Amino acid sequence: MFGLEMPPLTAETWAILGTLVLLEGLLSADNALVLAVMVRHLAVGVQRKALAYGIGGAVVLRILGVLLAAFILEYWWLRAFGALYLAYLAVSHFLKHRTSGEDGEQKARGRGFWPTVVLLNLTDLAFSVDSILAGVALIPAGMPREQGLTIVVIGGIVGLILMRFAATIFLRVLNRYPAFDNVAYALVGWIAVKLGVETLEAAHEIYPAVPALHLPTPLFWGVMAAIAVIGSFLATRRPAMTGTQAEVEAERVVHNMDEMVTDAADGRIDGR
């Protein structure tokens with residue numbers, strides 16, 4: 001059921017992989033920022049240990065998400081839930097008018113060590129689902145499931161790599177230009193439209209009463225490009241900090257992430 005097959009390296013495949021790299025980079029950096037903010041209320045001695053469980057949960061949940069993608073690709077009604085969830089993420093992001101970090105800090109404030117760890121992993125779950133569903137939605141209609149799953153797996157691996165090795169670059173971008181978060185979720189919203197249209201097409205084949213819609217591939221990628229270009233232009237008009245400040249802050253977060261990985265096993269877990 002989980003067989004993989006390399007898809008043909010067409011222009012569309014490269015566009016999909018490029019989009020996944022962009023989304024995975026922004027979402028992984030956003031995830032790292034949220035995790036770092038959510039442990040601020042804990043005692044300094046246990047912040048790193050809580051983060052260790054958060055990063056560990058991100059890895060495990062990403063792997064489980066890839067396995068879940070195999071079922072989403074097989075059943076059209078699961079893709080319907082995926083489309084609704086991605087649409088909800090995009091709409092709720094713009095309605096909240098605040099960053100994910102602020103939202104995460106508000107939820108975590110006042111919680112103890114283990115409740116914070118649970119909340120960190122729930123946050124990881126949300127980010128993992130976002131990334132996996134975006135990968136599923138980008139798969140062209142008619143592509144064999146084995147090839148589509150390969151793209152999702154590549155996206156999941158890219159997400160894990162970016163979260164560790166390229167986090168500084170994307171964190172620097174988000175620190176200096178927070179509005180790039182809006183670009184990422186605008187792309188997610190348009191991807192939700194694509195997944196929803198394809199879900200209706202699949203449902204129409206089984207239930208003819210369901211209206212059949214079609215989203216031309218050039219139109220989809222044209223809107224994706226417009227969102228990326230126009231959104232990037234608007235996002236870079238008002239930097240929140242200088243390039244040096246953004247780099248220092250990004251390196252600080254990544255340094256803390258590195259230290260907590262090596263620090264997590266020593267001492268008692270709750271620091272007591």
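The requirement of being touching a Lys or Arg at 6+ places or on another chain (Cβ under 8 Å) and either modelled with pLDDT of 85 or more or in a loop (DSSP other than H, G, I, E, B) (or both) is fulfilled somewhere in the range 220-236, by at least one residue. Of 196, 189, all but one fail to be of a type outside the set (A, V, I, L, M), assigned to a helix (DSSP H, G or I) and surrounded by fewer than 19 Cβ atoms within 10 Å (Cβ to Cβ); the exception is 189. Of the helices (runs of 4 or more DSSP H) lying entirely inside the range 79-168, those containing at least 3 residues that are at pLDDT 80 or above are 113-138, 145-165. Do you know which of the residues in the range 202-219 that are open to solvent by 50 Å² or more (accessible area, probe 1.4 Å) and part of a helix (DSSP H, G or I) is nearest to residue 143 (Cα to Cα)? It comes out as 217.
The values are calculated or read from the model by the stated rules, or taken from the named source; none is laboratory data. The structure displayed is predicted, hence computed values, not measured ones. Don't worry about glycine lacking a Cβ; one is built from the backbone with ideal geometry, like all the others, and counts go over all protein chains shown. The area values use the complete protein model at the heavy-atom level, side chains included, leaving out ligands, DNA and RNA. Shrake-Rupley method; radii C 1.70, N 1.55, O 1.52, S 1.80 Å.
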